[in-house]
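Written below as structure tokens is the structure these notes are about.
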Amino acid sequence: MDHDLVESVKALADPNRLRVAGACGAAARTASELSSELDIPEPAIRRHLDRLIAAGLVAEEGQGRYLLRVAALHALGRRAAALAPTEPAIPGAVRPDGTVVPPDEARIIRGFLKEDRLITIPSQEKKRLIVVRYLRDRCFTEDRPYPEKEVNQRLALFHPDVATLRRAMVDEGLLVREAGVYRLPPPAA
């Protein structure tokens, strides 16, 4: 990530510093004027100005007057807009039926997986269903019988508690179990 971009955004992250930048955007101001207008002690105003100047967002215009560098703010916005999304994509973001995993479900899945391993099995039923459906779609892509040993091996790639995962998949109707053999359920009519 662009270090200068991060530092510029951090400079604007403080509410008082943002107020100082905003006031400097309206017109050039002295530290004393900013202190009076914003009801912030002048030493704090000077610290905020130093940080905004270091980030390249405010410039001293002479005679102790400070002005927001609007062009720098615009450039900051363009650089931020050009950033690639930082949320890691989840593998298998498309379900076997071709539908895309909705963003709210993807967020839940990312919250429970780290480096494509299940950190913990969700206790909340709704979240558990989303996670076990994701795992089922990753582990069981073919419509064929899966012996229990193979089911365990596939699920163990994601989490050691394969019995709980198996049970959750069967209970939710994501897998059908008969005589120790598992299958994907028949398509809904």
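The values are calculated or read from the model by the stated rules, or taken from the named source; none is laboratory data. Worth saying up front: this structure is predicted, and the values here are computed from it rather than measured. Ideal geometry is used to build each Cβ from the backbone, glycine not excepted, and the neighbour counts take in all protein chains shown.
Among the residues of the range 99-143, just one is surrounded by 14 or more Cβ atoms within 10 Å (Cβ to Cβ), farther than 21 Å from residue 171 by Cα and over 14 Å from the mean Cα position of the chain (by Cα), namely 101.
Yes or no, residue by residue, for (1) touching an Asp or Glu at 6+ places or on another chain (Cβ under 7 Å); (2) of a type in the set (S, T, N, Q):
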| site | (1), (2) |
| --- | --- |
| 23 | yes, no |
| 30 | no, yes |
| 35 | yes, yes |
| 38 | no, no |
| 52 | no, no |
| 58 | no, no |
| 61 | no, no |
| 66 | yes, no |
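Residues in the range 158-189 that are among the small types (Gly, Ala, Ser), exposed (fewer than 13 other Cβ atoms within 10 Å of the Cβ) and closer than 20 Å to residue 109 by Cβ: 173 alone. Right, residue 61: in contact with a Leu (Cβ under 7 Å, 6 or more places away or on another chain) and either at pLDDT 90 or above or buried (at least 16 other Cβ atoms within 10 Å of the Cβ) (or both) or not? Against the criterion (in contact with a Leu (Cβ under 7 Å, 6 or more places away or on another chain) and either at pLDDT 90 or above or buried (at least 16 other Cβ atoms within 10 Å of the Cβ) (or both)), residue 61 qualifies. Contact annotation: residue pairs with Cβ atoms under 9 Å, 6 or more positions apart or on different chains, pairing a residue in the range 46-65 that is closer than 15 Å to residue 25 by Cα with a partner that is part of a strand (DSSP E or B) and charged (D, E, K, R), are 49/60; 53/60; 65/29. Taking helices (runs of 4 or more DSSP H) as the structural unit, no element lying wholly within the range 114-184 holds at least 1 residues that are polar (S, T, N, Q), at pLDDT 95 or above and under 25 Å from residue 98 (Cα atoms).
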